[in-house]
Each structure stands twice: as C-alpha cells, then as structure tokens.
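Student: My questions all concern the structure below.
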Amino acid sequence: MAAAGVAGCKMGVTGGSANSRRPGSDVGIMANSVPMRWWRWLASSLPRGNRLPENDWETRHRAIVAILWLHAGGILGYALYQAVTPANMVFATVPVALFTGVATASRLPRRVRAALATLAALFSSTALVQLSGGVIEAHFHFFVMVFVITFYQDWTAFLLAIAFVVVEHAVVGVVAPHAVYNHADAWANPVQWAVIHALFLSGAAAAAVVNWSLNERAQAAERSIADRLAYEASHDPLTGNLNRREFDRQVTMLLGDPRAQSGEHAVCLMDLDQFKIVNDSSGHAAGDEVLRQVTGLIRGRLGAQDQLARIGGDEFAVLLVDRGLADATAFAEDLRTIVCEHRFAVAGRLYSIGLSAGVVALDPLNDPDGIDALGAADAACYAAKEGGRNRVHVVTPNDEQFARQQGLAHWAERLQAAIYHDNLVLYYQPIEPTDPNRRERYGELLVRMRDDDGSLISPGVFLPAAERYNLVGTVDRWVVQATCAALAGRYEPGVDASEHFSINLSGGSLGDASMLTFIRDQLDRNGIPPSAICFEVTETVAINDLTAAIAFITELRTLGCRFALDDFGSGLSSFSYLKRLPIDIVKIDGSFVRGITTDPVDRAMVESVNRISQEMGLRTVAEFVESEAIMNCLRAIGVDYGQGWAIGRPKPFDEWLARNPFAEGSLEELPLLSPLHQ
C-alpha cells in the first residue's frame, strides 16, 4: 500500500497514467482541433470594421451620396422611358431620393447615415430590377451596390445590405417571383433561383470582404507608419522623452488652454554636472545608459499631467502642470538630491554626477507661447552652474544673476546677426619694441561690433556671450577670414613677410581640427605668407587641454605661423608649461605691468617672467603700457615689446593698411623659435 502510494505520488508529479485526464483537457483538445484552427484563421482574416478617421469617412460618404443622387435621377428617367404607371414611378424613385436626402443630414450619427445610404443603394437596385421586368442583367446591380457599401468599412452597413438582398430574393422572389424574375423557370422554381442568386451574392460578398480586409490592413499599416513617424518626430530616440520641439508645443498648448490659464504652472530646466566624465572615461554607450537611468529617476517624481523632455545632450526639461513656483522649487531640489546621491552603475563601474536646475513660473498673460519662460529657465540653469553647480536657481523679481544671463542671451543674438550681416570690424593696435632703434611692424588685431547707429561696441560686451553660447569659434573664423581678405594681394609670392599681425584664438578653436584646415585654406587662397600671422592663445586655454594645444600649435608653426602665449601670469601656472608649449612669444599679463613703477611685487613678477622667457629663447611683450614711465621701466628690465595706449590706441585696420603700404625687406623680422623649442 505504501509502495502504491509512492507510485501514485510519482505519477501525480509526472502527469499520471495515459488514461488519466485533467479537468478541462477535452476543452483544450477541442480548442486546438482543426476546425477551431480554421475558425480562428477565418476570424483573423475578416475585417474588423475599424472606425475610419472622420475626414476619410466624410469623403467616402459624400462620394456614395453623389452616386445615389445620380441613381435617383437615372431611375426617374428610366421609369419615364418605360412609361410605367405613376404609382410604380413613385414606388421606384421616392425611397431612393428620400433615404439619400436624409443620409446627408450631418447631425445624425455616422452609422445611421451609412444605414440610410445603404437602404437607398439597395432600393435603387430593386427599382432597376422591377422597372426592367426582372431582367437577369439588372440583378448585377445588387452586387455592385454591396461592393460600394464596403467603402464604409462598417459591418452594420454591410450586413444590412446582405439582409436586404436576402429578403429581396428569398422572400419577395418566392412570394412574387414575377416582380423579381423575367423567365418561366424562375417563376416555377423561385426557391431554386433564390439559391442560385444567393451563391452569386456570396461570391460577390466574399470578394468585397477580401477587398475590405486588404484595405483595412493597408490603412492600418499606413496609420502605424504615420504614428511611428509622428512619435519619432516628437520624441527623443534614446530616452523616449519628448524632444525640444514637442516640449515647446506642449507648453504653448497649455498656455493657450483657457482652462489652464487659471492655474499655476512652472518649467524646470536641468543640466547634468560632470556628465562628460562618463563619456570620456567609458564611451558614449555608457553615457547613453546614464541618460536613460536619469530619465527613470525623473519620471518617478512626475505628476500625472507633467511632461518630461530631453532638449539637449545632457539637458532635460519638465513642464509642471498645476504646480506653483514653491512646489516646482521643491521638485527640483528633491530631484537634485536624488541624482546627486544616486550611483549610476554602468559596465561594472559606478559614477556620480550632479544636477543644476533653473526654475521659472509660467505667465500665460504676458508670455502666451512660453518662449520667454523657456529662455529664462535656460538662463537660470546656467546661473546655477556659474554659482557652483549642483544647485537650483529660481527666477525671482530683481534677480541680478538671472538678469546678467538674459543679457548674455541678448548679446549672443545680436552677435549672430552681426556675423551674418558682416557687422564686425577689425581694429589694429601696434606692438612696439622697447628699443627705440628697432623698427618693426607688429600689432594685434582686435574685433569690434558695429551697432545699428554706426557706433562701435567693445568686445568686452559681446565676447562673454560668445563664450557662453559657443559662438567664439565662429568669431575666430570671421577674424581669420577678414584678416586674410584685408591682406590679400599685399605680398609677392614666395616672399616671407617682415610685418606681423597677431590674431587671438579661443579654446574651442584650439581643439578644432577643422580650424587648421580653414586657416591653411584662407592663407593659400589669399596669398598670405604664414610668417605674417602670429596666433595668440591664453595661458588658461592652452593648459586646459595641453595635448591638443601642443598639436595645434605645432601644426601651424610647421606651416610658418608664430604663436604667442597671452596673459601669462594670470593663471599663476607653473613655468614648466613654457618648456612644453612650442611658442615664440610670451605676453606678460597687464595686471602686473600697470603697477611696476609703484609696486615692487609687480616689478619682480615682470622681471621673473621676462628673464625666464628670454633664457628659453622667447620674446616678451608687456601689455597695458599706459605711460612713458612704464615704458622706461620695461626698457630697464629688458622686456622686448610693449603694447598699450601709451604706445598706440586701436584704430580701424583698413585705415592702418592704407597708411602703411608693404615695403619688402625694409623692416626687421620677429625671430623664429629658439632651438630649445624646435
């Protein structure tokens, strides 16, 4: 008994004997039987009767109604031709015209209008059969109308049409065969002929259904493609969030909704801090994974109506609906804390990043499209970054930091327009040797912006905006192109220049390989000897990416250009960088130069930089020479050149060129780099 019990347990686990069946097993077998599979296949092949889009349905309905009005007129004409009695004429034409007329009433539901049109179509077939005396060819009209009705893609209209034909042939054809058929065999055997017509109708209906199903699938495919394209056009493919364009549209829609104008809403724009570390250390695939994880963190804090968008590489924006400024600020602070404390696990490594955010309230009355609010949120986010990163900046009245950021956006917009309309101007400031016995044409090219009234705007006003909005590289290209165009035709082919023009380059240009190609192209196209151009880079820019700076400088120096390290001393960097950078000139920062006649520390700094630079074979230029006393002091120290208002104020470059024609070989050249830097 025990053994039997164990065996029974084992059979229970494994499924029991061949004769045992689980409850419901017969149902499972029946569900998988051949007839059931055929039935499921047939059901899946039938059209679903999906509701057509309103415009498509209205277009089809108008076409069918137009056909029916033509039929009403045609039937009336045919009745007159057949000279039927007035009663038969009314019976043939009035139902068609009546149902068609009512089907045009737009206030009726779509399905009712389709049913009325269906009845009108089939009554027109009945009228033609009866007016023709039951001619067999007239019965074909029923098949045509059944096919036309499938244009509605509605099972109610289609089944109503089939039912009408069945009643017409199976009931009227049997009860009054003379009204349906025109030959004796049908009169004698109306049931047989009703079956024959039913078979023909079945074939026509099957063909109509197949066509309907194919149309429905094609439309579904088109809708799927349209939906996918619409989704891709409005969403970020990496995170699935809204993109910038769709986010702007959602903000505009919210502000334009009268129901939403009574509530409080806000926008929070966020930028990740230290995200570049992830991309640089582990690649963009790891960065993409972090962005997806950040998306998950943000979505977990969203309300039901809030909208999330990825509007840039590592920038996100949230539209906070029915949430005031205080609530939005709390949301941003909470999210900042969560992101800061989260450890992002990617490819077996952990990363920590921060989040800077700008928060601004929406104002439907004064900013109906939200453009000002989005710009304000962007400026506030940048203010948060400038304030130390990993913080939230809320836009409030009399916000000086925010006002400054908005001012930068304004100047960036004006700078873009000035570049487009060529409203930048080159100025020239001379750089002279401290030794009065030397004669050289050496100067720095500066850029100004021409205002609408013709006055000039200092670069100190618009260059901070250029740096903030990544326009400084575009300014560099304009200066290089304008300089080469101004000097075009000034030099004989193959002759080195004995005059030198200094052009400032930004950090973005220094790391841009295409900038090298652009400079070479401009020099070649305008016939400018590379020795005529000296490029200036600041100490901070050069040291930020030393490898890129060395590669860039070496490439252009090989071509024949010279390089100066500008504002040396401002960054208080090690003198060891001078040994690594392949430069020709060191420009001593003016903050030390202007005080050398009164401050012994400033004088010691200038003496130190000058002595070490000259030991390395480099020439030195002192900036901010504002008096003859400073110039005399520089001579005593042994600085090679001076630059400042005491030597010469900036003047338009075209005027300088007109007053200083090129004279080959009459001037001294700047020395090439010493062997120490070769």
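Read-outs throughout are calculated quantities, based only on the coordinates presented, and are distinct from any laboratory measurement. In this text the structure is predicted, and so the values were computed from the model without any measurement. With ideal geometry, Cβ positions are generated from the backbone for all residues, glycine too; neighbour counts draw on all protein chains shown.
Student: Length gain on complete extension for the stretch Leu214 to Leu456, per 0.36 nm per residue less the alpha carbon to alpha carbon distance?
Tutor: 80.1 nm
Student: Next up: Provide the gained length on full extension for the span Met253 to Phe575, in nm with one decimal, where the gain is 0.36 nm per separating residue minus the Cα-Cα distance. Don't skip to the answer; put the middle values down first.
Tutor: Numbers: separation 322, 0.36 × 322 = 115.92 nm, distance 5.86 nm.
Going from the current span to full extension adds 110.1 nm.
Student: Just from its helices, what would the mean residue ellipticity at 222 nm be for the chain, if runs of 4 or more DSSP H residues each count -39500 (n - 2.57) and the sum is divided by every residue, rounded to the nearest 500 deg cm²/dmol? Walk me through the numbers before you get to the answer.
Tutor: Values: 27 runs with 374 residues, N = 678.
After summing the helix terms and dividing by residue count, I get -17500 deg cm²/dmol.
Student: Would you please classify the overall shape of the stretch 54-217 from the alpha carbon gyration tensor, given that a ≥ b ≥ c denote the square roots of the eigenvalues, rounded means a/c under 1.5, and beyond that prolate means a/b larger than b/c while oblate covers the rest?
Tutor: Numbers: a/c = 2.31, a/b = 1.29, b/c = 1.79.
Oblate shape, in that a/c is at least 1.5 and b/c is the bigger or equal ratio.
Student: So if we plug the beta-carbon distance of Phe518 and Asp334 into 1/(1 + (r/R0)^6) with R0 = 41 Å, what FRET efficiency do we get, rounded to 0.05? Each step should come with its number before you reach the end.
Tutor: On the way: r = 47 Å, r/R0 = 1.14.
Here the calculated transfer efficiency is 0.30.
Student: Let me check against my output: what whole-number percent is the relative contact order of the stretch 54-217, with C-alpha pairs under 8 Å and at least 6 apart?
Tutor: Values: 172 pairs, mean separation 32.5, N = 164.
Relative contact order, the stretch 54-217: 20 percent.
Student: Moving on to the next point. Take peptides 460-468, 99-107 and line them up by average Cβ neighbours within 10 Å, highest first, as a rough protection proxy. Let's see the in-between values first.
Tutor: Working: 460-468: 17.6, 99-107: 15.0.
Those peptides, ordered most packed to least, come out 460-468, 99-107.
Student: Could I ask something else about it? Using Cα-Cα distances under 8 Å and only pairs 6 or more residues apart, what relative contact order does the chain have, in percent? Before the final figure, lay out each step's value.
Tutor: Working: 974 pairs, mean separation 50.9, N = 678.
Worked out over the chain, it gives 8 percent.
Student: For Ala188 and Leu98, what is the calculated FRET efficiency with R₀ set at 30 Å and r taken between the beta-carbons, to the nearest 0.05? Spell out each step's value before the answer.
Tutor: Details: r = 35 Å, r/R0 = 1.18.
Calculated value: 0.25.
Student: Of Val148, Ala138, Ile196, whose Cα points farthest to the positive end of the dipole of the stretch 54-217 (charges on the beta-carbon: +1 Lys, Arg; -1 Asp, Glu; origin at the Cα centre)?
Tutor: The residue sitting most towards the positive pole is Val148.
Student: Also, quick follow-up: Counting pairs of alpha carbon atoms under 8 Å apart in space and at least six apart in sequence, what relative contact order in percent does the stretch 244-396 give? The partial results should precede the final answer.
Tutor: Values: 265 pairs, mean separation 47.8, N = 153.
About 31 percent, as a whole number.
Student: Sort Cys633, Cys484 by Cβ crowding within 10 Å, fewest neighbours at the top. Walk me through the numbers on the way to the answer.
Tutor: Values: Cys633 19, Cys484 22.
With the fewest neighbours first, Cys633, Cys484 line up as Cys633, Cys484.
Student: Applying a 10 Å radius around every beta-carbon, put 311-324, 550-563 in order of their mean neighbour count, most first. Walk me through the numbers on the way to the answer.
Tutor: Numbers: 311-324: 20.4, 550-563: 18.5.
Result, highest mean Cβ count within 10 Å first: 311-324, 550-563.
Student: Given R₀ = 51 Å, what would the calculated FRET efficiency be for His421 paired with Ile196, taking r from the Cβ atoms and rounding to 0.05?
Tutor: About 0.05, to the nearest 0.05.
Student: About the Cα centre, and with charges only on the beta carbon of Lys, Arg (+1) and Asp, Glu (-1), how big is the dipole of the stretch 449-488? Nearest 20 debye, please. If you can, show how the numbers build up before the last one.
Tutor: Details: 3 positive and 5 negative charges, 34 e Å.
That gives the stretch 449-488 a dipole magnitude of about 160 debye.
Student: Further question: Starting from the eigenvalues of the Cα gyration tensor, five times each then square-rooted, give me the equivalent ellipsoid semi-axes of the stretch 421-509, largest first, whole Å.
Tutor: Values: eigenvalues 143, 52, 39 Å².
Taking √(5λ) for each Cα gyration eigenvalue gives 27, 16, 14 Å.
Student: Taking only Cα atoms of the stretch 244-396, what ratio of Rg to Rh do you get with Rh as the Kirkwood inverse-distance radius?
Tutor: Values: Rg = 15.4 Å, Rh = 15.6 Å.
Answer for the stretch 244-396: 0.99.
Student: If a/c stays under 1.5 just call it rounded; otherwise compare a/b with b/c (prolate if a/b is bigger, oblate if not). Do that for the stretch 413-661, with a ≥ b ≥ c from the square roots of the Cα gyration tensor eigenvalues. Don't skip to the answer; put the middle values down first.
Tutor: Numbers: a/c = 1.37, a/b = 1.31, b/c = 1.05.
Verdict is rounded for the stretch 413-661.
Student: Highest mean first, what order results for 75-88, 426-439, 136-149 on Cβ atoms within 10 Å? Don't skip to the answer; put the middle values down first.
Tutor: On the way: 75-88: 13.1, 426-439: 17.2, 136-149: 18.9.
In decreasing order of mean packing, 75-88, 426-439, 136-149 become 136-149, 426-439, 75-88.
Student: Taking the Cα centre of the chain as origin, work out the dipole magnitude from +1 charges on Lys and Arg Cβ and -1 charges on Asp and Glu Cβ, in debye rounded to 20. Could you put the intermediate results ahead of the total?
Tutor: Values: 57 positive and 76 negative charges, 721 e Å.
Magnitude of the dipole: close to 3460 debye.
Student: According to a simple spin-label model (label point 7 Å from Cα along Cα-to-Cβ), what is the distance in nm between Ser106 and Asn437?
Tutor: 9.9 nm
Student: Can you run the Rg to Rh ratio on the chain? Use alpha carbon positions and the Kirkwood inverse-distance Rh.
Tutor: 1.26
Student: Whole-Hz ³J(HN,Hα) for each residue in the stretch 261-272, computed from phi via Karplus 6.51 cos²θ - 1.76 cosθ + 1.60 with θ = phi - 60°, x for glycine and proline: what do you get?
Tutor: Karplus-based 3J(HN,Hα) across the stretch 261-272 equals 6, 7, x, 9, 9, 8, 10, 10, 10, 10, 10, 6 Hz.
Student: Using a 7 Å offset from Cα along Cα-Cβ at Ala163, what residues in the stretch 101-129 end up with backbone N under 19 Å from the label point?
Tutor: So the set is 103, 109-126.
Student: Related question: If you take the square roots of the eigenvalues of the alpha-carbon gyration tensor of the stretch 80-144 and sort them as a ≥ b ≥ c, do you get rounded (a/c under 1.5), prolate (a/b over b/c) or oblate?
Tutor: Working: a/c = 4.20, a/b = 1.69, b/c = 2.49.
It comes out oblate by the Cα gyration axes.
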